[in-house]
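Okay, so here's the structure we're looking at.
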Ligand SMILES: C[S@@+](CC[C@H](N)C(=O)[O-])C[C@H]1O[C@@H](n2cnc3c(N)ncnc32)[C@H](O)[C@@H]1O
C-alpha cells in the first residue's frame, strides 16, 4: 500500500483532497484491490434504475463503478469527481458519456431533475464529501429517480449523516427504500471494515 489512502483521510480542504487523489490515481486500483462497494452498489442500481436512464456516478474516481454499470448494460453514465487525475483514469475506461470536474458539498452545475439515478461509492467517508451534498444530489435527481450510496454503519451513526438522511426523509425530499445488510468492504489493508448500500427514492417536489 502506497500510504496514499491514509493521506486522503487527513486532507484539510477540498483542494488538498483533490491534489492527494491526483497523486494517488495511478496506483489507486492496485492499492485497494477488488473492494466490495462498487459491485454491491452497481447491483443495487440495476434493481432500481432503467438501463436507458441518465446516471451520474458522483465521486467516480478511476471509473470502477462506471465500468460495472457498463457491463450491466447501462448506456448513459456520466462521471463526476473533484480530482482531475482520477477523472483521467476514468476517461481511459471509455465507459462514461461525459465527465465533470466539481465538488460535492458545493452547488452543482446541473439543472434540477437531470438524472434518473445517482450512485456514489466510497465518497461519503471521513474528510470526503459532506452530508450536505445530499441536498444538491436530490435536487438534480428526477422525482421517482434513485440515489444509491455506500456508508460505513458506524460512520453513519457517529456523524451528521444520520441527521441529514432523516431530515431529507422528514421533509419529503426522498424516502429510504433500502439499507443493505452490512457486508465486508474487502479492503486488503483494512480487514473487517463493513459497508452498507443505501437506496433512496427522490420524491415529487412540494417546494423549491
Ligand atoms: C475512495 S474514492 C472512490 C472512487 C470510486 N467511486 C470507487 O468506488 O472506486 C473517492 C473519490 O471521491 C472523490 N471525492 C472525494 N470528495 C469529493 C467531493 N467533495 N466532491 C467530489 N469528489 C470527491 C475523490 O476524488 C475520489 O475520486
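Results, tabulated for the structure shown:
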item	result
Sorted by Cβ neighbour density within 10 Å, fewest at the top, the residues 187, 96	187, 96
GNM result for the chain, Cα springs below 10 Å: residue of 118, 55, 193 fluctuating most strongly	193
Residue of 70, 83, 27 that the Gaussian network model of the chain assigns the largest fluctuation, springs spanning Cα pairs under 10 Å	27
Per-selection metrics, region 4-202 (Cα): Rg and Dmax in Å	15.3, 42
Proxy reagent accessibility, fewest Cβ within 10 Å first, across 200, 95, 60	95, 200, 60
Cα long-axis angle, helix 37-48 against the chain (0 to 90 degrees, to the nearest 10)	20
Helix 14-24 axis, angle to the chain major axis (alpha carbon atoms, nearest 10°)	50
Length added when fully stretched, residue 100-residue 16, from 0.36 nm per residue minus Cα-Cα	28.4 nm
Label-point separation in nm, residue 179 to residue 127, each point 7 Å along Cα→Cβ	2.7
GNM flexibility winner over the chain from 177, 137, 46 (Cα, springs under 10 Å)	177
Exposure proxy ranking, count of Cβ atoms within 10 Å, fewest first, for 17, 86	17, 86
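Read-outs throughout are calculated quantities, based only on the coordinates presented, and are distinct from any laboratory measurement. Fair warning: this is a prediction, and the values are worked out from it, not measured in the lab. Virtual Cβ from ideal backbone geometry, glycine too; neighbours counted across all protein chains shown.
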